[in-house]
1. Over the chain, with the other protein chains present, what is the accessible area per residue in square angstrom, probe 1.4 angstrom?
2. Out of residues 5 or more away from Tyr449 or on other chains, whose amide H comes under 5 Å of its own, with H placed 1.01 Å from N in the peptide plane?
3. With the dipole of the range 412-500 worked out from charges on the C-beta (+1 for Lys and Arg, -1 for Asp and Glu) around the Cα centre, which of Ala451, Phe441, Leu486 lies farthest toward the positive end?
4. Excluding residues fewer than 8 places away in the same chain, name every one of the aspartates and glutamates whose C-alpha is closer than 16 Å to that of Lys422.
5. Bin by bin, in steps of 5 Å, what percent of the Cα pairs in the range 267-331 do you find, going until the bin that has the longest distance?
6. After finding the eigenvalues of the alpha carbon gyration tensor for the range 237-307, what semi-axes result from the square roots of 5 times each, listed largest first in whole Å?
7. Relative to the Cα centre, what is the charge dipole magnitude of the range 37-107, using +1 at the beta carbon of each Lys and Arg, -1 at the beta carbon of each Asp and Glu, and rounding to the nearest 20 debye?
8. In deg cm²/dmol and to the nearest 500, what is the mean residue ellipticity at 222 nm of the chain if only DSSP H runs of at least 4 residues count, each as -39500 (n - 2.57), divided by the residue total?
Amino acid sequence: MTSTQQRAELHRQIWAIANDVRGAVDGWDFKQYVLGALFYRFISENFASYIEAGDESINYAELPDSVITPEIKSDAVRTKGYFIYPSQLFANVARSANDNESLNTDLAAIFAAIESSAVGFDSEEDIKGLFADFDTTSNRLGNTVKNKNTRLAAVLKGVGSLDFGDFHGSEIDLFGDAYEFLISKYAANAGKSGGEFFTPQSVSRLIARLAMHKQTRVNKIYDPACGSGSLLLQARKHFHEHIIEDGFFGQEINHTTYNLARMNMFLHNINYDKFNIKHDDTLVSPHFGDDKPFDAIVSNPPYSVSWIGPDDPTLINDERFAPAGVLAPKSKADFAFVLHALSYLSSKGRAAIVCFPGIFYRGGAERKIRQYLVDNNYVETVISLAPNLFYGTSIAVNILVLSRSKTDTRTQFIDASNLYKKETNNNVLLDEHIETIVAAFDSKEDVEYLARSVEHQEVVDKDYNLSVSSYVEAKDDREVIDITVLNAEIAATVTKIDQLRSDIDAIVAEIEGFEA
């Protein structure tokens, strides 16, 4: 079986588990249990593999808890960030799940113990609350303890039956791939409630490539609205980990997706000391502002959400927003995220941000912010994408690329609205489409119907309108009609019609004469 076939089969099995065992539980809510069980299995096998250290004579799952000394536990937590006793491993709990009448409370105790194992260590904040959404006592699982345990056992058995192979090499990626697949499937089926934080992998790849273009190494990469962490992880997949020197940073306001992002880091074998994800409102309670600026920023912030903005007079003095001289509108925080990202960008850095198209042509405060960005030469490229690429919305979004190291004052516009493949529910970007966009981005050359780089004055003359359609002519795919030929065809048709009418009149006259 090829790796592609293996993944396809794995995806099929995971989705079958999610559908078969959820029962009356809403699919979007129930994904927490499938995702949580997948995560529990991963960290169990990851931890056992670490303890065994390749020694085939050791089977950590079969050891008694009593052999664990405080020194062993302390050393393990310093390295892995958490500790799991043999009896607490996924494999041991799943094995007896069907016969365990206190399964739900036992799981709750195990999750609490894993989290508390990090208390007092550097990993405490990275581990704290990881299992908060895996509520094994929730009535969503059933009204009785028996019903809860039956459903939990089914989830554990289902996840335990998935074939990831031995815990070595590429199998680690299979865990992460399965996790992202499940998130994306729920996002696609849940509409906006699920898709608002998930960026499709194809778009994530494009954004990561734009942000890290021609950078052989970056100090660290940051997403100010990181959701489940998919954009950060695409950067890791696209570039070997060693060139992202200090790791992956993000902030997320939604607690559930904040937990997903941290789990997703672990599932892709990014250790706790190589990521830093914070739970807070980026716009009013930003983290990392005192750290060294970031060489790469990627983001898909929520579209046109409300924020306190102008209602808080202190924000106009915030160093992120003050240079523009105006705050983003209260009902449309899009440019607040853009200015936040810009302020966190290093002198050699680049940010690639998914944006709602309206911010590029509306007036008022948004026009003033565009003027600030353009006049200070921060806008490198604006890219319009095809519609219906994202879950939960059919909007044709844009990607804004900001740079603090431009070598000229031109602004590039790329019309990629025709680059997509139509699939059942959504359009998708293929690798060939991404290559076309990146090639145009790299060259900065004008390509008919695709890309233009314009001088600063042209943007000024258009009143700082940054809509791609204002600069790149759309290809007219309508059929070209030769009027002379068309007129000749019409004349010939009219002649035929006149002849037919004459013939019909003659036949009618003949019939009437016969009847007389």
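The values are calculated or read from the model by the stated rules, or taken from the named source; none is laboratory data. Just so we're clear, the structure is a prediction, and the values are computed from it rather than from any experiment. Methodologically, a virtual Cβ is constructed for each residue, glycine included, from the backbone with ideal geometry; neighbour enumeration extends over all protein chains shown. Heavy atoms of the whole protein, side chains included, go into the accessibility calculation; ligands, DNA and RNA do not. Shrake-Rupley method; radii C 1.70, N 1.55, O 1.52, S 1.80 Å.
1. 46
2. The answer is Glu473.
3. After comparing all options, I get Leu486.
4. Asp431, Glu432
5. 3, 12, 18, 24, 20, 10, 5, 5, 1
6. 22, 15, 12
7. Once rounded to the nearest 20, the dipole reads 280 debye.
8. The per-residue figure over the chain is -14000 deg cm²/dmol.
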